[in-house]
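Engineer: I have a structure I would like to understand better, so I am pasting it below and will then ask my questions one at a time.
The values are calculated or read from the model by the stated rules, or taken from the named source; none is laboratory data. On a predicted model such as this, the values are computed, not experimentally measured, just so you know. Glycine also receives a Cβ, built like all others from the backbone with ideal geometry; neighbour counts cover every protein chain displayed.
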Amino acid sequence: MMSVNILVVDDDPEIRDILHIYLRNEGYHVVQAEDGKKALELLQQEQIHLIILDIMMPNLDGISACLKIRESSGVPIIMLSAKGEDLDKITGLSMGGDDYMTKPFNPLELIARIKVQLRRQNYIAVSNQAVDEGEICIDDLVINKDYYRVTVKGREISLTPIEFAILELLASHRGQVFNIDKIYQKVWKEQHAYYSQNTVMVHIRNLREKIEANPRNPQYIKTVWGVGYRIDK
């Protein structure tokens, strides 16, 4: 069985040690960094499958580190912060985070969220192996499910695994309206959670920023007010 490598980035050594214990007990291999700068260095040296990233850190904070990581990698990122306001969560997700937890947190809940993200990754890998070579073409938007690649007018777009999964879901069911709960269930592979509405909406907004020429008047991902989202036939 392949070892799953998780990078824990936090300037608090006690939090790093606690997470190391819990993650090791789940069978994961843990790599630690005390700030964003060290995390970026480790990403060049190690194969990392998931990152737990604190926001408030010296040298290079979590938001800045997340932006740098997203320039070249779609690895799942769960962000940690002492700030619990919705705006802070939306900011973290907007910068490329896949999930967000507020300190203090229950390590067992974090483990559960890690497993959701890793299942999402595995689902993408299995899907890419299982389907025949093929693409979904919607005007100038091309989604290649085999190679996990998205282009708009020939320009390759870098998406996170969650963003790709949402886009593939809507594009594979053109004309069908998906409400937020259904998107969350299909993509995150779990039932509705209290934070799911903001989470889905932020990822939809990020997707539009990346693939739409005018995100305020989207060509691809349409809002059906009071219902959900769809990509037209």
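Engineer: Can you pull out every residue in the stretch 37-81 that is surrounded by 15 or more Cβ atoms within 10 Å (Cβ to Cβ), among the charged types (D, E, K, R) and under 15 Å from the mean Cα position of the chain (by Cα)?
Structural biologist: Answer for the stretch 37-81, where residues must be surrounded by 15 or more Cβ atoms within 10 Å (Cβ to Cβ), among the charged types (D, E, K, R) and under 15 Å from the mean Cα position of the chain (by Cα): K68, R70.
Engineer: What are the residues in the stretch 135-172 that are assigned to a loop (DSSP other than H, G, I, E, B) and free of Cβ contacts under 8 Å to residues at least 24 places away in the same chain, if any? Give the steps one after another, and end with the answer.
Structural biologist: Step one: of the stretch 135-172, the residues assigned to a loop (DSSP other than H, G, I, E, B) are 139-140, 145-148, 153-154, 158-160.
Within the stretch 135-172, D140, K145, D146, Y147, K153, G154 meet the criteria.
Engineer: Within the stretch 53-99, count every residue that is modelled with pLDDT under 90, part of a helix (DSSP H, G or I) and of a type in the set (D, E, K, R).
Structural biologist: Total meeting the criteria: 4.
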